[in-house]
Amino acid sequence: MTFFDHPQDFDVIVIGGGHAGCEAALAASGMGMRTLLMTQDLDTIAQMSCNPSIGGLGKGQIVREIDALGGHMARVADLSVLSAHTLNISRGAAVRAPRAQCDKKLYQFAMKHTLELAKNLALIQDEAARVWTEGSELRGVATIRNTRYKSKTVILTTGTFLNGVIHIGLSSFRGGRYNHPPSDGMSPSLEALGLKLGRFKTGTPMRLNGRTIDFSKCEEQPPDAPPPLFSHFTKTPKRALMPCWITRTGERSAAIIKANLDKSPLYSGRIKSTGPRYCPSIEDKIVKFPHHTSHILFLEPEGFDTEEYYVNGLSTSLPEEVQLELVRSVKGLERAELMRAAYAIEYDYCLPVQLDYNLETKVLPGLFMAGQINGTTGYEEAAAQGLMAGINAALKIRKLAPFILGREEAYIGVMIDDLISKGVEEPYRIFTSRAEYRLLLRQDNADLRLMPHGFTLGLIPKRFKKNFELYKACVGALTKTKGGAVERIGKRKSGGTHSSVSKPSSDNNMAPWTRTKAESTVKIEKEYSGYITRNLREAEKMKHFEHISIPDSLELAAIKGICIESRQQFLKVRPRTLAQAARIPGVTPTDIQLLWIHLTRLAKG
Amino acid sequence: MLLPDTTQTIVAPASAPGSGAIAVVRLSGPGAFRTAAAFLKPSSVVKNPKNRFSYLLSAEENGRLLDKTIVVFYRGPESYTGEDMVEISCHGSPYIVSRLLSLSIAGGAREAGPGEFTLRAFMNGKLDLAQAEAVNDLIISEGETAHRAAITQVEGGISKRIKELRGALITMLGELEVRLDDSYNELGELDIKAFTKRTAAIAGKIKALADSFKNGRYLKHGIRVTIAGAPNSGKSSLLNRITGSGRAIVSPKAGTTRDTIEAKLTLSGFTVIFTDTAGINPRTSDAIEREGMRRSLKALKTADIILWVQDASKKSSPADRRVGAAIERGSAPGTDLVKVFNKGDLPGARTPSETADGTAISCRTGEGIAALKRLLIREEKKIFSTESSSVITSARHYSALLNSHRELEKIGLLGTGRSFPLELAAEHLRGTLTALAGILGETASEEILASIFKNFCVGK
């Protein structure tokens, strides 16, 4: 076969232009790497194939973390926001999170433009056919047009495209997203490298024409004013925001589903792969919770300049005719017209226990993976992995230590540790309950937790450094104030005098940070102080074990007494630290101690 | 936590149970002195003791003297483990040892895991590499023993009960978590009053289980078999024969044994402590013999099994009947009684119907001893299964239950109003489950999620 060898050599090639791919390409190029982003279709860059919504509980915190590290999702979401809420506003500050409805097209174009403007970043519309290796070394990527691109590292962010199969009712066809061809060559290419693949399923509900919805029968859900923002650097948009609408399914909807279950690929056994439990189809809800006579639905606009509405809560893979009947059984949707049918999709993912902490595959140095290929779902989860993979590819090329976030440091750290230590049984979504140090991982302190890393990596512009330090000092000063900032603010208002602490900077000279934000963070930390101390103490204990590393060369067979189950788990995951080893399911305390002693002996001997 | 927490103070007996005049309980860790000060008096001494000095101190429980003890304090790193250490030498009674353990646990220590003292010594550079091999073996062997005990306990009801409590806690945590993730309040508010009531109920059950530790007499320190009988019926000979030792002095003279004597034997994996008693002779006027009698009666009271030894070469005597009455009066209800007819090698003096309800043996020839052992194994299994289904027998489980109870109680302090902080209640439920991990292993976040998806219709 003859190849066209592309004349340019790259440091990093990113395969896929979804949320993981965009962040990966921007991080790598932002760190000075000659980067290429390759996608089947430049018009679907950063497409929100399911709900055009960013954030939520856990996810919202991740977006804040991405922003604090210098990623772009937060800024683009703020730019395209059309409706937004702070969730859990009635609950404690530690568990609040922002969620936004975005203009689907605006988001895409804003991200595409960001990519186009990025220095060191090239974009190409082509489809990767396989990872190009010579012997046991990574050379780059070969495309279906027989072009070869040479690169030191490759980041795969293939989303749902690997061997994608779409189901609507009992008919199924191949596709990576509706109307987009799947990627056929990549899966065999990965298997040839010795990587194990699995198969997952996900789905998306139908879209309706808003002109045919009777909103007067629905409950209005107005946006928060002003809307919460994701980015530390953006200002409240001037544009008027839009409401979302709430309606409910009824008994007739349930009857329609029950009568047509035999036409559901999920219930007829056509789809065998695992879908996410937390994102059930309406069939699942009706069958598993028969005593619920009604299920809530959110009608969410897809953009400012379109009448298309996303029906949040009506995910299904029933046939189109049943979908129409089902939709029309809902109050307010009696005359609704279907613009796009709901569908389910099955795709290959790559077992994430085969990855290292830096998201590099253990079998082929230089090959990184991020997003749904690692068994996750969600734009935010994908973007965060993309960012981390992009950063780590750059660090590898610069021969620097990998960038790994701890479980006590970020949701991103929790997610990656979960993925590579525990693997996935269903598409992985972040939940705040996955974090053992939840009170530390808040949306209000993402900057304090992570921005120092953002500066060190060079992904946050230097010009913010001075004001960030001022902000940190302000938080520090307010924390030290006796009796707490809250009281002091009250005193000041009632004409009292300031304490001995020097007056922290006014809002103007630490933009984009403000004194109000500092006060709010300090107030939260004081409210939770006993618990935060406890979280920190627990994390500190664990840290000791996080620092006991397990060398690649460790021969498990040399450790006497470890039981077979633990040994198999160790071989599968190949943990990097003692703490990680202890988090692997099914490992016994005795085995961890034996491993510990062995490691200590190695270190001493 | 799966990894041994080196910031905690650990406690364990450092001497074998029931085997000597004195026993040693050892504490090690940053809080060793503080823990000791919780029950060793005068506490002024304990708070700031001289390094490597021994003190005569009173171990007190609820203000009452438990035992006079000799205590040595070691300041780290000048100790076996390299940490602050306290060694308490007390009288060699399993009861005193078990009380000292629970006092230490109540004072903030937890029971040491298999080989943990040695592990700490190794980690703190107190052992060289050659010795480390021994640490390995120790952990493997002690771990196996603990593992076996755990398996046996799983068959009992206690583990089932803890599992049920754990399941209930996970469900409750799920109820909190699902609301913390309920973006638009679809589920409705949690009934806080009912919720705190439920936590209090579970806390009560955990407390009751923890309290049962005090009643759990046997497992950790062995099943107690008291050998009783009329003078010169061959009690000491039986002790020597069954344990294969010369622990008791025997002579043809009645009343050779003046005090109770203990000897230990492992029977089918269980530790059995045999106590040989002085002959029961209520009519004696000898002061020493009377004291021996008092001790014999006490040994009857604490026995799990009583072996009533009778001389089958003689006719049933008034002395035998007095012993029978003493056993009836002196033993705790439910104690198993096994009649043993000794001296079977001599011409018998009793009718078959008189000996039908017992086991014939001969301490001199050893005849019938194996059958007696088999009978004891059956009895101990019976005791084991009844007791392990109702009481906590491991100090480790005890401390885990105590810690989880402490955590759970804090939920009650969070209030009951609208401002009830779900996220903090979740912290405490998590803490409760982490404490229980000492018994049933870690609670994975997957289990909490599974409980949510099972019980609630969530997700869009």
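If you scan the range A:397-426, which residues turn out to be within 12 Å of another protein chain (Cβ to nearest Cβ), assigned to a loop (DSSP other than H, G, I, E, B) and in contact with a helix residue (DSSP H, G or I) (Cβ under 9 Å, 6 or more places away or on another chain)?
Residues satisfying the conditions are A:R407, A:G423, A:V424, A:E425.
Could you count how many residues in the range A:225-262 are closer than 30 Å to A:N445 by Cβ and small (G, A, S)? Please lay out each step first, then the result.
Within the range A:225-262, the first condition is being closer than 30 Å to A:N445 by Cβ, and the residues that meet it are A:225-239, A:241, A:244.
This time we only want the ones that are small (G, A, S), so: A:225, A:231.
Qualifying residue count, the range A:225-262: 2.
Of the numbered conditions (1) more than 22 Å from the chain's Cα centre (by Cα); (2) within 12 Å of chain B (Cβ to nearest Cβ); (3) crowded, with 23+ Cβ neighbours inside 10 Å, A:A342 satisfies every one except a single condition; which is it?
Going through the list (1) more than 22 Å from the chain's Cα centre (by Cα); (2) within 12 Å of chain B (Cβ to nearest Cβ); (3) crowded, with 23+ Cβ neighbours inside 10 Å, A:A342 breaks only (2).
For the range A:569-605, enumerate the residues that are within 24 Å of B:K126 (Cα to Cα), in a helix (DSSP H, G or I) and of a type outside the set (A, V, I, L, M).
Answer for the range A:569-605, where residues must be within 24 Å of B:K126 (Cα to Cα), in a helix (DSSP H, G or I) and of a type outside the set (A, V, I, L, M): A:P589, A:T590, A:D591, A:Q593, A:W596, A:H598, A:T600, A:R601, A:K604.
Mind telling me which of the residues A:P227, A:P223 ends up being within 14 Å of chain B (Cβ to nearest Cβ) and in a loop (DSSP other than H, G, I, E, B)? Steps first, please.
Details: A:P227 fails: within 14 Å of chain B (Cβ to nearest Cβ).
Answer to the selection: A:P223.
Among the listed residues B:I105, B:I22, B:I96, identify the single one that is outside the structural domain of B:Y398 (by TED's automatic domain parsing), closer than 30 Å to A:I584 by Cβ, out of contact with any Leu (no Cβ under 6 Å at 6 or more places or on another chain) and in contact (Cβ under 8 Å) with a residue 12 or more places away in the chain.
Values: B:I22 fails: closer than 30 Å to A:I584 by Cβ; B:I96 fails: closer than 30 Å to A:I584 by Cβ.
Selected residue: B:I105, the only one of B:I105, B:I22, B:I96 that is outside the structural domain of B:Y398 (by TED's automatic domain parsing), closer than 30 Å to A:I584 by Cβ, out of contact with any Leu (no Cβ under 6 Å at 6 or more places or on another chain) and in contact (Cβ under 8 Å) with a residue 12 or more places away in the chain.
Across the range A:540-568, what is the number of residues that are within 12 Å of chain B (Cβ to nearest Cβ) and either among the β-branched types (V, I, T) or within 26 Å of B:N124 (Cβ to Cβ) (or both)?
Qualifying residue count, the range A:540-568: 14.
Out of A:I564, A:I559, report the one residue that is over 24 Å from A:P352 (Cα atoms) and not aromatic (F, W, Y).
Selected residue: A:I559, the only one of A:I564, A:I559 that is over 24 Å from A:P352 (Cα atoms) and not aromatic (F, W, Y).
Out of the range B:43-60, which residues are open to solvent by 40 Å² or more (accessible area, probe 1.4 Å) and at pLDDT 90 or above?
Hits for the range B:43-60 are B:K50, B:N51, B:R52, B:F53, B:S54, B:Y55, B:L56, B:E60.
Taking the options A:S520, A:S566, name whichever one is part of a helix (DSSP H, G or I), among the hydroxyl-bearing types (S, T, Y), out of contact with any Pro (no Cβ under 9 Å at 6 or more places or on another chain) and open to solvent by 10 Å² or more (accessible area, probe 1.4 Å).
A:S520
Any chance the range A:503-511 includes a residue that's at pLDDT 60 or above and under 33 Å from the mean Cα position of the chain (by Cα)?
Yes, because at least one residue in the range A:503-511 is at pLDDT 60 or above and under 33 Å from the mean Cα position of the chain (by Cα).
Within the range A:538-563, can you find the residues that are charged (D, E, K, R) and not in a loop (DSSP other than H, G, I, E, B)? Reasoning before the result, please.
Taking the range A:538-563 as the starting set, the residues that turn out to be charged (D, E, K, R) are A:538, A:540-541, A:543, A:546, A:552, A:555, A:560.
Hits for the range A:538-563 are A:E538, A:E540, A:K541, A:K543, A:E546.
When both residues are 6+ apart or on different chains and their Cβ atoms are under 8 Å apart, which pairs have a first residue that lies in the range B:325-343 and is small (G, A, S), and a second that is part of a strand (DSSP E or B)?
Listed by first residue and then by second, the contacts come to B:A326/B:A228; B:S331/B:I306; B:S331/B:L337.
Within the range A:439-466, which residues are within 14 Å of chain B (Cβ to nearest Cβ) and open to solvent by less than 10 Å² (accessible area, probe 1.4 Å)?
A:L439, A:L441, A:R442
Would a scan of the range A:243-251 turn up a residue that is in a loop (DSSP other than H, G, I, E, B) and closer than 30 Å to A:A93 by Cβ?
Scanning the range A:243-251, I find at least one residue that is in a loop (DSSP other than H, G, I, E, B) and closer than 30 Å to A:A93 by Cβ, so the answer is yes.
Considering each residue of the range A:77-129, count those that are assigned to a loop (DSSP other than H, G, I, E, B), farther than 30 Å from A:N163 by Cβ and in contact with a strand residue (DSSP E or B) (Cβ under 9 Å, 6 or more places away or on another chain), and give that number. Outline the logic, then answer.
Keep residues of the range A:77-129 that are assigned to a loop (DSSP other than H, G, I, E, B), which gives A:88-92, A:96, A:103, A:118-120, A:126-127.
Those still in the list that are farther than 30 Å from A:N163 by Cβ too: A:88-92, A:96, A:103, A:118-120.
Next, from what is left, pick out any that are in contact with a strand residue (DSSP E or B) (Cβ under 9 Å, 6 or more places away or on another chain): A:88, A:96, A:103, A:118, A:120.
Qualifying residue count for the region: 5.
When you check A:A370 against the structure, is it on the phi < 0 side of the Ramachandran plot, out of contact with any Lys or Arg (no Cβ under 7 Å at 6 or more places or on another chain), open to solvent by 10 Å² or more (accessible area, probe 1.4 Å) and at pLDDT 95 or above, yes or no?
Spelling it out, it is not the case that A:A370 is on the phi < 0 side of the Ramachandran plot, out of contact with any Lys or Arg (no Cβ under 7 Å at 6 or more places or on another chain), open to solvent by 10 Å² or more (accessible area, probe 1.4 Å) and at pLDDT 95 or above.
Inspect the range A:190-197 for any residue being under 17 Å from A:T316 (Cβ atoms), modelled with pLDDT of 95 or more and not in a helix (DSSP H, G or I) and give the result as yes or no. Quick ask: steps written out before the conclusion?
Looking only at the range A:190-197, we keep the residues that are under 17 Å from A:T316 (Cβ atoms), and these are none.
Checking the range A:190-197: not a single residue is under 17 Å from A:T316 (Cβ atoms), modelled with pLDDT of 95 or more and not in a helix (DSSP H, G or I).
Scan the range A:417-438 residue by residue and report those that are hydrophobic (A, V, I, L, M, F, W, C) and open to solvent by 10 Å² or more (accessible area, probe 1.4 Å).
Taking the range A:417-438 as the starting set, the residues that turn out to be hydrophobic (A, V, I, L, M, F, W, C) are A:419-420, A:424, A:430-431, A:435.
Listed by number, the residues that qualify are A:V424, A:F431.
Yes/no per residue for (1) touching a Leu at 6+ places or on another chain (Cβ under 7 Å); (2) within 21 Å of A:F455 (Cα to Cα):
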position: A:I66; (1), (2): yes, yes
position: A:G71; (1), (2): yes, yes
position: A:A74; (1), (2): no, yes
position: A:A97; (1), (2): yes, no
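Just name the residue that is least open to solvent (accessible area, probe 1.4 Å) out of those in the range A:187-235 that are more than 26 Å from the chain's Cα centre (by Cα) and basic (K, R).
Across the range A:187-235, the extreme among qualifying residues is A:K217.
Out of A:S317, A:S329, A:S294, which single residue is closer than 27 Å to A:D214 by Cβ and within 14 Å of another protein chain (Cβ to nearest Cβ)?
Answer to the selection: A:S294.
Return only the number of the condition from (1) within 11 Å of chain A (Cβ to nearest Cβ); (2) modelled with pLDDT of 80 or more; (3) touching a Ser or Thr at 6+ places or on another chain (Cβ under 8 Å) that B:E427 does not satisfy.
(3)
Just checking, does the range B:235-254 include any residue being at pLDDT 85 or above and under 19 Å from B:D286 (Cβ atoms)?
Yes, the range B:235-254 contains a residue that is at pLDDT 85 or above and under 19 Å from B:D286 (Cβ atoms).
Name the single residue that is surrounded by the fewest Cβ atoms within 10 Å (Cβ to Cβ) among those in the range B:412-424 being part of a loop (DSSP other than H, G, I, E, B) and within 11 Å of chain A (Cβ to nearest Cβ).
Here the answer is B:R418.
For every residue, the table says whether it meets (1) away from chain B (no Cβ under 14 Å); (2) crowded, with 22+ Cβ neighbours inside 10 Å.
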residue	(1), (2)
A:G18	yes, yes
A:A24	yes, yes
A:L36	yes, yes
A:D43	yes, no
A:R64	yes, yes
A:H85	no, yes
A:S90	no, no
A:A100	no, yes
A:D103	yes, yes
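Take the residues in the range A:569-605 that are within 12 Å of chain B (Cβ to nearest Cβ) and charged (D, E, K, R); name whichever of them is surrounded by the most Cβ atoms within 10 Å (Cβ to Cβ).
A:D591
Looking for something open to solvent by 40 Å² or more (accessible area, probe 1.4 Å), part of a helix (DSSP H, G or I) and over 18 Å from A:I45 (Cα atoms) - is there at least one such residue anywhere in the range A:389-396?
Yes; the residues of the range A:389-396 include at least one that is open to solvent by 40 Å² or more (accessible area, probe 1.4 Å), part of a helix (DSSP H, G or I) and over 18 Å from A:I45 (Cα atoms).
Within the range A:236-257, is there a residue that is out of contact with any Leu (no Cβ under 6 Å at 6 or more places or on another chain), touching a residue at least 60 places away in the same chain (Cβ under 8 Å), open to solvent by 20 Å² or more (accessible area, probe 1.4 Å) and among the hydroxyl-bearing types (S, T, Y)?
So far as the range A:236-257 goes, no, none of its residues is out of contact with any Leu (no Cβ under 6 Å at 6 or more places or on another chain), touching a residue at least 60 places away in the same chain (Cβ under 8 Å), open to solvent by 20 Å² or more (accessible area, probe 1.4 Å) and among the hydroxyl-bearing types (S, T, Y).
The values are calculated or read from the model by the stated rules, or taken from the named source; none is laboratory data. The model shown is predicted, which means the values in this text are computed figures rather than measured ones. A quick note on method: Cβ atoms are made from the backbone with ideal geometry, for glycine too, and the neighbour counts reach across all protein chains shown. Ligands, DNA and RNA are excluded from the accessible area calculation, which covers all protein heavy atoms including side chains. Shrake-Rupley method; radii C 1.70, N 1.55, O 1.52, S 1.80 Å.
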